[in-house]
Amino acid sequence: MTTQIRAEAVIDLAAIEHNVRWLLQVARNSNPAAELMAVVKADAYGHGAVPVAEAARRAGALALGVATPGEGLALVAAGLEATADRPIVAWLWVPGQDIRPAIAAGVQLVVSSPLQLAAVLEAAGQAPGGRADLHLKIDTGLGRGGSTPADFPALVNDAARAQRRGRIRVVGLMSHLASADLPDDGSVTDQISAFRRACAVAEAAGLNPRWRHLANTPGTLAWPAATFDLVRCGIGMYGISPFEHEVPDLLPAMTLRAGVALVKRVPADHGVSYGLTYRTTQETTLALVPIGYADGIPRAAGARGQVLLGGTRRGIAGRIAMDQFVVDCGEDAVAVGDEVIIFGPGTSGEPTATEWADAAGTIAYEIVTRISVRVPRRYVGHPADDPVPIGGGMDEGST
């Protein structure tokens, strides 16, 4: 008997590689010397950090970007090297946490304040070689991380002094765009100008870092002037457009699917799911789909989200529960084990992650990132042309 899946996320690594190659080419159309950082934070936006990082490097990504030092250490532990020429960069950490393991492993940290710089200097003194590579970050207008323009010269001077003493090496200058996904937004040109001024401040202090990086995915695609030595591409690498319009050259990499767990006929005026907010209008067939908000399906999309079942798009009947939801199939023939595609590339008529985001009142970034660890990932498009199963579940298996 074939084992039926409860649910799985199928990740197309060939799509990841295509997207990385295409984004790198776009960047090099703006700056022939540009390199690409593949952003694999948050478990590669839910796609699986290690397989995605490996695929991104195969496709030409020079650097890997993560949020936390722990994420960087996990990549190193999985066998992904962190070197001066193939860096892993982590930009979100708190002074006072133990960053010594990350520095010892070669993970490059981003510094936004004198307090962070002091922490790196202390940790670097205990690391092999007694030196750490780091990136300095300036806030050019996003208002989150990064030194203010007023404080940046002092930070640069402190870093330059430490570099002259051989305690650190400043290998990067970075900032982050606030509104690159909005066409003709004046804040983007303001931020580009502010970043250029910051680079000049660093140069005047004697710093000549290898990488200057400002552009994210929308910056890479829509703002050529934002492409410096390195672009940091996250959402585009996973095939999702950062804009309100689709980008045809990007191939969505995740398909979320499940198998029908139960089929039953019910009479007219039969309530469905919590609160009985949905009632059948006639005798009908209900199909139970065993995946819910604990798996990452947004509860807010109940009654608005759609799935593909039996070649037909069908709406969610009633509220999405923690572990399951229901689809009203009318008079159509449905059987236990039938495939339900919740979202995917859209090439077979299934909804996309962007459509689910619209139904839930959020963004597609959140839809893919929130798919929980109890949904196993199955990898296709692998160089060996064999599926690579990752993860686990209660009773799942690959078909």
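Conditions first: (1) modelled with pLDDT under 95; (2) part of a helix (DSSP H, G or I). LEU121 passes all but one, so which condition is the exception?
Status for LEU121: all satisfied but (1).
Considering only segment 259-330, give the strands (runs of 3 or more DSSP E) lying wholly within it that have at least 2 residues that are within 26 Å of the chain's Cα centre (by Cα). Give the derivation first.
Values: elements: 262-266, 284-289, 306-309, 312-315, 325-330.
Ranges flagged: 306-309.
I'd like the full set of residues that are more than 33 Å from the chain's Cα centre (by Cα) and small (Gly, Ala, Ser), limited to segment 331-347.
Across segment 331-347, the qualifying residues are ALA333, ALA335.
Which of (1) crowded, with 22+ Cβ neighbours inside 10 Å; (2) over 16 Å from GLY239 (Cα atoms) is the odd one out, the single condition TYR45 does not satisfy?
Failed condition: (2).
Among the candidates THR354, THR369, which residue alone is within 15 Å of SER241 (Cα to Cα), crowded, with 17+ Cβ neighbours inside 10 Å and not assigned by TED's automatic domain parsing to the domain that holds GLY292?
Working: THR354 fails: not assigned by TED's automatic domain parsing to the domain that holds GLY292.
Every option except THR369 fails the conditions.
Tally up the residues in segment 96-121 that are exposed (fewer than 15 other Cβ atoms within 10 Å of the Cβ) and of a type outside the set (A, V, I, L, M), please.
Number satisfying all stated conditions: 3.
Would it be correct to say that ARG57 is within 30 Å of VAL156 (Cβ to Cβ) and either surrounded by fewer than 24 Cβ atoms within 10 Å (Cβ to Cβ) or of a type in the set (D, E, K, R) (or both)? Talk me through it step by step, then tell me what you get.
Numbers: within 30 Å of VAL156 (Cβ to Cβ): no; either surrounded by fewer than 24 Cβ atoms within 10 Å (Cβ to Cβ) or of a type in the set (D, E, K, R) (or both): yes.
So ARG57 does not fit the description; no.
Restricting attention to segment 363-376, does a residue exist that is at positive phi, at pLDDT 95 or above and not in a strand (DSSP E or B)? Let's see the steps before the verdict.
From segment 363-376, those at positive phi are none; that's our starting set.
No, every residue in segment 363-376 fails to be at positive phi, at pLDDT 95 or above and not in a strand (DSSP E or B).
For segment 161-199, give me each residue that is surrounded by fewer than 17 Cβ atoms within 10 Å (Cβ to Cβ) and either touching a Pro at 6+ places or on another chain (Cβ under 6 Å) or in a helix (DSSP H, G or I) (or both).
ARG161, ARG164, GLY186, SER187, THR189, ASP190, SER193, ARG196, ARG197
The values are calculated or read from the model by the stated rules, or taken from the named source; none is laboratory data. Worth saying up front: this structure is predicted, and the values here are computed from it rather than measured. For neighbour counting, all protein chains shown are included, and Cβ atoms are generated from backbone atoms with ideal geometry for every residue, glycine included.
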